[in-house]
Amino acid sequence: MTDETTTKEGARDSASGLDFIRSAIVEDTAASRFDGRVVTRFPPEPNGYLHIGHAKAICLDFGVAAEHEGGRCHLRFDDTNPDNESLEFVEAIKEDVRWLGFDWGDHLYFASDYYAQLFEYAVRLIRKGSAYICDLTPEEFKTYRGVPTRPGKESPSRNRAIDENLDLFNRMRAGEFEDGAYVLRAKIDMESPNLHLRDPTLYRIKRAHHYRTGDEWCIYPMYDFTHGQSDSIEGVTHSLCTTEFEVHRPLYDWLLEQLEIYRPRQIEFAPLNLEYTVLSKRLLIPLIKEGHVSGWDDPRMSTLRGIRRRGFTPEALRDFCERVGIAKVAAVTDVALLEHCVRDHLNAVAPRRMAVLNPVRVVIENYPEGESETFEAVNNPEDETAGTRQVAFSRDLYIERDDFQEEPHKKFYRLAPGREVRLRYACYITCTDVIKDESGEVVELRCTFDPESRGGGTSDGRKVRGTVHWVSAAHAKEVEVRMYDRLFDVPDPLGELDGDFRKHLNPDSFKSVTGHVESALGDAEPGERFQFERLGYFCVDTVDSTAGNPIFNRTVTLRDSWSKIKGKGKG
RNA sequence: UGCCCGAUGGUGUAACGGUAGCACAACUGACUCUGAAUCAGUCAGUCUAGGUUCAAAUCCUAGUCGGGCAACCA
């Protein structure tokens, strides 16, 4: 059954620029449907951790509510299957939603709190003759249901007398039957082309300890018999979910109509898909079990915990969700968009530091041995209030191995024999000699510095094209730096012909290196984020760091147009 | 093969019968003590075929392609 609240589905927006869901809600409000109220809900099942796909739903649910005067969004745990649900997940989910920046206020709910009401609703349906107790075995059930191309058959139990149904249902609840002996089914239409309308299961017998209701119940309602009614009980106006539930909508509407209770409007949108990763729990679990990642919070995981540990900010994630938009087409989002969002935020707020991750030694021959001085460095050129700091300089330094080429590519303008570059915030140096070991590998660069250039420039206006970062060997602190990259090496690990996403794990998704960093970084606190100049954004790992020994996780590299030039043609 | 939903640059989206726009990516150039950031610019799109209309991305029909649906999961 549809009425005017649902027939407008797919209609064009009336408010320009809004996505189709926001437009529909604006229309509903303007037409005073739901008395002009806007109430949404985010309904996770507490049986796992939230991932970035959930972030899209959270931003939509809470975002929409916040856009309307008096609007609110409920956090409701859809906990009707005791099997893998736990308080631990409830807490983890609450933490993730809060971290993302949303607040449900007093509106924390649990479907398990509605069990008594749901039972009463079921009785009401039975009394009406709209539901019956079925004793088909699971195998028979499957046979009777039919397949998409063939109609189903009615169960022999379908015409059981109402009194008998009532009696059996009460005895199911009382625990008189074994698990699986009976189920409560809605009496709809076994020939419906929509499988969900072929007398769907409403309640099953399941002796399992529930993390909230304990052993109070041995029958549990199914999703379809819980979700809509919970929305109804809470006065939700717009029940937003992903397109997989589109075929459930007729059932959602049917049940509420049969029960003659308040009916919210369900609207579906396409779930998020992201290149180079997988998002479903089903796919995430084997990654952990098989040891491809360290756990749910591995910085390469698409879980909110993983992403957070990697160093992403809630601001960046919210910005990302906003830019991705809401539509009904199945879409795969370019990871470059996500990366752009973090860089954009971190560029504005992350203090800059110098760190050399793949060092080559530099000796400034005309700088006195045993001496040192400090140079002033800007903490964040994007934020004057971030101030400056002092960085120690001495005769022995480290620079990045990539910042030197013995036979420079024609577009390479960093250090090379005889060439002058600037050491960021310090001075100009010229490479005078290259020292190699027996295998021919460069082990040391002999250089001279121009004392005139102290502070980073000279009065003669001489142009120095390259500027490289550095650290003083004696002053630098050695720290572990974890270099993370995308978990898979193909954009669509599931779409590959062979079908096994494991074959497309990126062998270089994680590499631990020893970095030489400015000494002050030794005191960095877990969770602190920095830009390592010319390299990328890094954050202090919240799990493995210890006092005075921070471990840095690479969140994302800086954009690197040099790597593109280098990749193109040989110089 | 049944039913439902959808289709706009490389990617994600806007345009509600009247100028196809925005963002990301890519590419040029400017600037630069981060080959970053910033700034200026360029490239690039309405799935196909019919129909309705003065006018179609938009409405209709068919086709093609993509997604979803056959737990006593959610």
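With respect to the conditions (1) within 16 Å of RNA strand B (Cβ to nearest atom); (2) in contact with a Cys (Cβ under 8 Å, 6 or more places away or on another chain); (3) of a type in the set (Gly, Ala, Ser), residue A:495 lacks only one, and its number is (2).
Taking the criterion of being surrounded by fewer than 18 Cβ atoms within 10 Å (Cβ to Cβ) and part of a helix (DSSP H, G or I), the residues of the stretch A:120-131 that qualify are A:120, A:123, A:124, A:127. Inspect all residues belonging to the stretch A:313-334 and state whether any of them is part of a strand (DSSP E or B) and at pLDDT 95 or above. Yes. Comparison of A:448, A:374 shows that the only residue that is in contact with a Ser or Thr (Cβ under 7 Å, 6 or more places away or on another chain), under 22 Å from residue A:475 (Cα atoms) and either away from RNA strand B (no atom under 14 Å from the Cβ) or β-branched (Val, Ile, Thr) (or both) is A:448.
Screening the stretch A:393-439 for residues that are aliphatic (A, V, I, L, M) and buried (at least 17 other Cβ atoms within 10 Å of the Cβ) and picking the one that is nearest to the chain's Cα centre (by Cα) gives A:399. Applying the criterion of at least 3 residues that are of a type in the set (Ser, Thr, Tyr) and away from RNA strand B (no atom under 13 Å from the Cβ) to the strands (runs of 3 or more DSSP E) found wholly in the stretch A:507-571 leaves an empty list.
The set of residues in the stretch A:335-381 that are assigned to a strand (DSSP E or B) and among the hydroxyl-bearing types (Ser, Thr, Tyr) comprises A:372, A:374. For residue A:300, the criteria (1) within 17 Å of residue A:557 (Cα to Cα); (2) among the charged types (D, E, K, R); (3) assigned to a helix (DSSP H, G or I) hold in every case but one, which is (3). Looking at the stretch A:531-545, can you tell me whether even one residue there is surrounded by 18 or more Cβ atoms within 10 Å (Cβ to Cβ), polar (S, T, N, Q) and within 29 Å of residue A:415 (Cα to Cα)? Taking every residue of the stretch A:531-545 in turn, at least one turns out to be surrounded by 18 or more Cβ atoms within 10 Å (Cβ to Cβ), polar (S, T, N, Q) and within 29 Å of residue A:415 (Cα to Cα). Kindly evaluate residue A:101 against the criterion of being surrounded by 13 or more Cβ atoms within 10 Å (Cβ to Cβ), at positive phi and more than 10 Å from RNA strand B (Cβ to nearest atom). It is true that residue A:101 is surrounded by 13 or more Cβ atoms within 10 Å (Cβ to Cβ), at positive phi and more than 10 Å from RNA strand B (Cβ to nearest atom).
Here's the yes/no breakdown for (1) under 22 Å from residue A:240 (Cα atoms); (2) in contact (Cβ under 8 Å) with a residue 12 or more places away in the chain; (3) in contact with a strand residue (DSSP E or B) (Cβ under 6 Å, 6 or more places away or on another chain):
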| site | (1), (2), (3) |
| --- | --- |
| A:83 | no, yes, no |
| A:110 | yes, yes, yes |
| A:121 | no, yes, no |
| A:128 | no, yes, no |
| A:172 | no, yes, yes |
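Specify the residue that is farthest from residue A:255 (Cα to Cα); the eligible residues are those in the stretch A:90-102 that are touching a residue at least 40 places away in the same chain (Cβ under 8 Å) and not hydrophobic (A, V, I, L, M, F, W, C). Of everything passing the filter in the stretch A:90-102, A:101 is farthest from residue A:255 (Cα to Cα). Per the conditions (1) touching a residue at least 12 places away in the same chain (Cβ under 8 Å); (2) within 16 Å of the chain's Cα centre (by Cα), the sole criterion not satisfied by residue A:336 is (1). Does any residue of the stretch A:286-297 turn out to be within 16 Å of RNA strand B (Cβ to nearest atom) and in contact with a helix residue (DSSP H, G or I) (Cβ under 9 Å, 6 or more places away or on another chain)? Scanning the stretch A:286-297 turns up at least one residue that is within 16 Å of RNA strand B (Cβ to nearest atom) and in contact with a helix residue (DSSP H, G or I) (Cβ under 9 Å, 6 or more places away or on another chain). Consider residue A:283 against the criteria (1) within 16 Å of RNA strand B (Cβ to nearest atom); (2) at pLDDT 95 or above; (3) aliphatic (A, V, I, L, M); (4) surrounded by fewer than 18 Cβ atoms within 10 Å (Cβ to Cβ): it satisfies all of them except one. Which criterion is unmet? For residue A:283, the exception is condition (2). Hey, any hits in the stretch A:36-45 for a residue that's out of contact with any Leu (no Cβ under 9 Å at 6 or more places or on another chain), free of Cβ contacts under 8 Å to residues at least 60 places away in the same chain and not hydrophobic (A, V, I, L, M, F, W, C)? Yes, because at least one residue in the stretch A:36-45 is out of contact with any Leu (no Cβ under 9 Å at 6 or more places or on another chain), free of Cβ contacts under 8 Å to residues at least 60 places away in the same chain and not hydrophobic (A, V, I, L, M, F, W, C). Restricting A:185, A:150, A:145, A:160 to those that are over 21 Å from residue A:223 (Cβ atoms) and at pLDDT 95 or above reduces the list to A:160.
The values are calculated or read from the model by the stated rules, or taken from the named source; none is laboratory data. Quick caveat: nothing in here was measured; it's all calculated off a predicted structure. When we count neighbours, we look across all protein chains shown, and the Cβ atoms used for this are built from the backbone with ideal geometry, even at glycine.
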